[in-house]
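> Provided herewith is a single structure, encoded as structure tokens, for subsequent inquiry.
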């Protein structure tokens, strides 16, 4: 139970923590307080805490933020588990909305933008020095947030993209027992799996209880696609010349990918029940030292998987990350898309200037530092080297910690790598820098759709993705013969208008590139 709680705490920090990006040379570019008006108020619609027993309305750190800004915040906070269903009707009515709106989704079809309910923020950039500095340092995010009319309507909430992402994880004692390094090629990886099947790796006297590879089916594209030059995680991707492709429509490369996985399945190196395997089952296998390799989000490496082993002391990883696999193409890992949420300003607000200033201050390094670390002496301390560390109560009393407003989901927070580092053992942080960050490749960007593009996407994409997923399982398991039926698969995609979707994605990518 302790390990599951630690894993949950870390996952929340990864999803909601803030502050790694230096937004300016100084802590805050705006003049504080933001207003000298007595009783100035900014109203905000946003998510409440993910913990049902925590109410962020009076969170001390958010009140501290408001006090520094010289305003009072009038919150409308809604349970995040029902946020979209609750907020969408409110926005559709357009009546009595607060000044600042946390949107229920990324508005990729620009439904809210086209409705006219949002103020174009770029027309107020003279009042938003912190946000302008952020966009200058993050041009790809600026490109993603630029609508087809050239305006920017949203301030983003972002996540860590190149650290602590899904990676290869090996049973390091098993590698040592075999006298080999972690494989870096497909051929070497297959030989490792075969060696596991041929030996009593866990030394329990049973040579048949080892499971070479324990992979949730959703991670197979992450794990093997790059070796074939495919970003199957994003689905669509742009090559070096800016030409957009759909990975599962790449005739030779995708066929080779499926053929490889079918070979693993036929040889018993990819288990029969791979489509239903879950993280709890993999955790149980680690606890019994039954498996040689997995693939998962990096933070599971130390806090979940390695922690299952009785001899794990926190100093050396037992289930530890390694470089991606290469085939005909050099391996890579697919990074996360940075934008996880967006905040806009109600165009009908009578308080637009102050709302703009407050949203900008919320993007300042000062504010981001407060979100992620809290206050010295209350939530963190500084050691002799100048490094920060959370005080014990922050990890021991999750409800108290969240109740302060740390990592609050109702602010435009920027996820923090340093704040995650301090929660992990030193070996894990080192592993991240050696085997994850250097191999990360940006995913296909988030790009707004025009109404026509949205219509085409909604008409075809879901059916295509469903068909691709179903056929992938059939080809891997041998229910469908790759050699005789793959051409029919490609023909079906064409009949389902994959080429029309590619035209849409190409036009969107061209706009994104131009916005950079």
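> How do 79-87, 154-162 rank on mean C-beta neighbours within 10 Å, highest first?
Most protected by this proxy first, the peptides run 154-162, 79-87.
> Measure nothing fancy, just the Cα-based angle from helix 426-435's long axis to the longest principal axis of the chain, in degrees from 0 to 90, nearest 10.
80 degrees
> What translational diffusion coefficient, to the nearest whole µm²/s, does segment 411-516 have by Stokes-Einstein, given a Kirkwood radius computed over alpha-carbon pairs, a temperature of 20 °C and 1.002 mPa s viscosity?
Reported coefficient: 120 µm²/s.
> What whole-number distance in Å separates the alpha-carbon centres of segment 214-271 and segment 429-489?
8 Å
> Given the C-alpha atoms of segment 79-219, compute the convex hull and give its volume per residue in Å³.
Value for segment 79-219: 209 Å³ per residue.
> Cα centroids of segment 111-174 and segment 44-101: how far apart, whole angstrom?
For segment 111-174 versus segment 44-101, the Cα centre distance is 20 Å.
> Now a separate question. In segment 166-334, what percentage of the DSSP-assigned beta bridges are antiparallel, given to the nearest 5?
Just about 75 percent of them are antiparallel.
> According to the Cα gyration tensor, what semi-axes, each the square root of 5 times an eigenvalue, does the equivalent ellipsoid of the chain have, listed from largest to smallest in whole Å?
Three semi-axes, in Å: 42, 31, 18.
> For segment 194-348, compute the orientation-averaged projected area of the C-alpha convex hull (one quarter of its surface), in nm².
If you wrap the Cα atoms of segment 194-348 in a convex hull and average its projections, you get 13.9 nm².
> Moving on. Restricting to the chain, compute how many DSSP beta bridges are antiparallel as a %, nearest 5.
Counting DSSP beta bridges with both partners in the chain, the antiparallel share is about 60 percent.
> Rounded to the nearest 0.05, what FRET efficiency do residue 251 and residue 437 have when you use their Cβ-Cβ distance and R0 = 22 Å?
0.10
> I've got another one for you. Any chance you could give the angle, 0 to 90 degrees and rounded to 10, that helix 60-69 forms with the longest Cα principal axis of the chain?
With rounding to tens, the tilt is 50 degrees.
> While we're here: Please tell me the relative contact order of the chain in percent, rounded to the nearest whole number, where contacts are Cα pairs under 8 Å and at least six residues apart.
Normalised by residue count, the contact order of the chain is 29 percent.
> To continue, here is another question. Over the alpha-carbon set of segment 314-442, divide Rg by the Kirkwood Rh and report the Rg/Rh ratio to two decimals.
1.06
> How far is helix 2-16 tilted off the main Cα axis of the chain, in degrees rounded to 10, range 0 to 90?
50 degrees
> Run the quick spin-label model on residue 466 and residue 287: label points 7 Å from Cα toward the beta carbon, then report their separation in nm to one decimal.
Rounded to a tenth, the inter-label distance reads 3.7 nm.
> What spacing in nm lies between the two simple spin-label points modelled at residue 506 and residue 378, each 7 Å away from Cα in the Cβ direction?
Placing both labels 7 Å beyond Cα along the Cβ direction yields 5.5 nm.
> What order do you get for 372, 316, 54 when you list them from fewest to most C-beta neighbours inside 10 Å?
Ordered by Cβ neighbours within 10 Å, fewest first: 316, 54, 372.
> Let me ask something else about it. For a footprinting-style exposure proxy, rank 400, 75 by other Cβ within 10 Å, fewest first.
400, 75
> Can you sort 511, 285 so the residue with the fewest Cβ neighbours within 10 Å comes first?
By the 10 Å Cβ count, ascending, the order reads 511, 285.
> Under 8 Å for C-alpha pairs, at least 6 residues apart: give me the relative contact order for segment 451-515, rounded to a whole percent.
Over segment 451-515, the number comes to 50 percent.
Read-outs throughout are calculated quantities, based only on the coordinates presented, and are distinct from any laboratory measurement. All of these numbers come straight from a predicted model, not from anything done at the bench. Don't worry about glycine lacking a Cβ; one is built from the backbone with ideal geometry, like all the others, and counts go over all protein chains shown.
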